[in-house]
1. Yes or no: Ala75 in a loop (DSSP other than H, G, I, E, B), buried (at least 20 other Cβ atoms within 10 Å of the Cβ) and in contact with a strand residue (DSSP E or B) (Cβ under 8 Å, 6 or more places away or on another chain)?
2. Within the range 189-211, how many residues are surrounded by 18 or more Cβ atoms within 10 Å (Cβ to Cβ), out of contact with any helix residue (DSSP H, G or I) (no Cβ under 6 Å at 6 or more places or on another chain) and under 27 Å from Gln284 (Cβ atoms)?
3. Condition (residue is buried (at least 24 other Cβ atoms within 10 Å of the Cβ) and within 21 Å of Asn198 (Cα to Cα)) applied to the range 104-121: is it met by at least one residue?
4. Quick check, is Glu39 part of a helix (DSSP H, G or I), within 25 Å of the chain's Cα centre (by Cα) and charged (D, E, K, R)?
5. When you look at Asp259, is it under 10 Å from Val137 (Cβ atoms), modelled with pLDDT of 95 or more and surrounded by fewer than 17 Cβ atoms within 10 Å (Cβ to Cβ), yes or no?
6. If you scan the range 210-234, which residues turn out to be assigned to a strand (DSSP E or B), closer than 22 Å to Asn69 by Cα and touching a residue at least 40 places away in the same chain (Cβ under 8 Å)?
7. Take the residues of the range 51-65 that are surrounded by fewer than 24 Cβ atoms within 10 Å (Cβ to Cβ) and small (Gly, Ala, Ser): which is farthest from the chain's Cα centre (by Cα)?
8. Filtering the range 85-111 down to residues that are assigned to a loop (DSSP other than H, G, I, E, B) and hydrophobic (A, V, I, L, M, F, W, C), which residue is farthest from His24 (Cα to Cα)?
Amino acid sequence: MRKAVLIVNPFATGVTESSLAAVHAALGRHAEVEVLLTERPRHATELVEDALRAECDAIFVFSGDGGFNEAVNGADGKVPFGFIPGGGTSVLPRALGLPRDPVATAHRLGDALEQDRMRRISLGRVNGRRFAFNAGVGLDAETVRRFNALGRDPNGQRPGDARFALTLFGVLRDRRFRYEPVAELEGVGPVAFAIVSNCEIYTYVGSRPMSLTPRARFELGLDALAPRVVRPRDVPRLFAYVATGRDALRGRAVEYVHDTDRLALRSDAALPLQADGEDLGDVQEVTFECERSALSVLV
């Protein structure tokens, strides 16, 4: 049988003893699977690098998007990955068209390994750190920071998608629904903030996908949405844009960059930065780069 590694974040919202046992059993029908548990931040990157040195036929990751992000930062581009949704939202596997249920996904990915059913996708980099679906500087990163600060409840569960939306509204409200141009996006000019993606899905609210970059695709380069300024009257239109995914904002104080390999942003003031929902601190200079066809994923 083929040899595979299953890297698991035991602290992820949807990872329990029973769900892990069921995922392991589903994958075990198709490969000899070794289970490795993460124990600390960035541990998944180390476990991926160790697995690659030991040689394996596939690496599965059962986690939320933070664990997926760590895992792709250890990938070598040769061994295929399978992403199993274990977080509250798990954007990456769902954006790849996989089921929301982890056991159903494990069955499908095990079958994909046996049949060599793969898809080659691009990855992004922001200041050297890879991201699997999006990164941002400014508004969305500030929202991610506040949302992460909420922590978990006594049962270890993170707040849900609705709370993320409320957190975003709170960030906008605290700024009186105004964002001035505070940074310079190379080739574009002054912007209020920037959100960069390598796929069309930014996140999900329940089962509904939210798209900020509707023309982005995993097989292409990077897309960016960068409002030049935001006023209170713009907020309803921005929310309508997110809800519909239509390109109605282009040409109306909002820049949209499609299928590029590199974007650079500079700001006099330090701005929050996020990648795949992970807070990367405050920065004044940001470089977004695309690694085209960087990773094979099982689908």
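The values are calculated or read from the model by the stated rules, or taken from the named source; none is laboratory data. Small disclaimer: the values here were computed from a predicted structure and weren't measured. Heads up, the Cβs are rebuilt from the backbone with ideal geometry, glycines too, and the neighbour counts pull from every protein chain shown.
1. Values: in a loop (DSSP other than H, G, I, E, B): yes; buried (at least 20 other Cβ atoms within 10 Å of the Cβ): yes; in contact with a strand residue (DSSP E or B) (Cβ under 8 Å, 6 or more places away or on another chain): yes.
Judged against the criteria, Ala75 is a match.
2. Final tally of qualifying residues: 7.
3. Looking through the range 104-121, at least one residue is buried (at least 24 other Cβ atoms within 10 Å of the Cβ) and within 21 Å of Asn198 (Cα to Cα).
4. no
5. When the stated conditions are applied, Asp259 does not pass them.
6. Applying the first criterion (assigned to a strand (DSSP E or B)) to the range 210-234 yields 210, 222-227, 230.
Of the ones still in play, those that are also closer than 22 Å to Asn69 by Cα are 210, 222-225.
Leu222, Ala224, listed by residue number.
7. Ala54
8. Leu96
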